[in-house]
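Inspection log for the structure reproduced underneath, given as structure tokens.
The values are calculated or read from the model by the stated rules, or taken from the named source; none is laboratory data. These figures come from a predicted structure and were not determined experimentally. We place every Cβ from the backbone using ideal geometry, glycine too, and count neighbours over all the protein chains shown.
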């Protein structure tokens, strides 16, 4: 059954979006999508976005940095995957470059080694070439750079 969207006041929408942004860092794209669920005129949407930016509820640089750190630490994504996901969220190339600086190079390489070693131990394939391909596919899907992946595979399987 179809329900007509409920109209809310500007103050209510602002309060709800302040909570939405305070709960977790958000990008403009996510906030605009949330705004579109409310039945507001474009001027009200612009006013709310401006309010959120002025009061530091909405900050693209902070979002990009926390996104990069979080996805690297929790999901062990490589830089390519992080860049792809940030671009999908319409984050500028300048901010993406800043966000990637949040990942220490030593931790990055150590994470690749740990991830590759664990996955290699899990692959039960007896053919060494198929085993290498499965490992490479896994690491490339997770966004690790091609040269790093092949260097690591050669290091672990030699």
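Search region 23-52 for residues being out of contact with any helix residue (DSSP H, G or I) (no Cβ under 9 Å at 6 or more places or on another chain) and surrounded by 12 or more Cβ atoms within 10 Å (Cβ to Cβ), and hand back the single one that is modelled with the lowest pLDDT.
39
Quick test for you: out of 90, 39, 80, pick the one residue that is part of a loop (DSSP other than H, G, I, E, B) and closer than 20 Å to residue 102 by Cβ.
90
Quick one: residue 81 ticks every box in (1) in contact (Cβ under 8 Å) with a residue 60 or more places away in the chain; (2) on the phi > 0 side of the Ramachandran plot bar one, so which box is it?
Here residue 81 clears every test but (2).
Among 61, 85, which is the only one that is more than 24 Å from residue 141 (Cβ to Cβ) and in a helix (DSSP H, G or I)?
Only one candidate qualifies: 61.
Give the residue, chosen from 18, 32, that is touching a residue at least 12 places away in the same chain (Cβ under 8 Å) and under 22 Å from residue 88 (Cα atoms).
Only one candidate qualifies: 32.
Does region 134-149 hold any residues that are crowded, with 17+ Cβ neighbours inside 10 Å and part of a loop (DSSP other than H, G, I, E, B), and which are they?
Selection gives 142, 143, 144.
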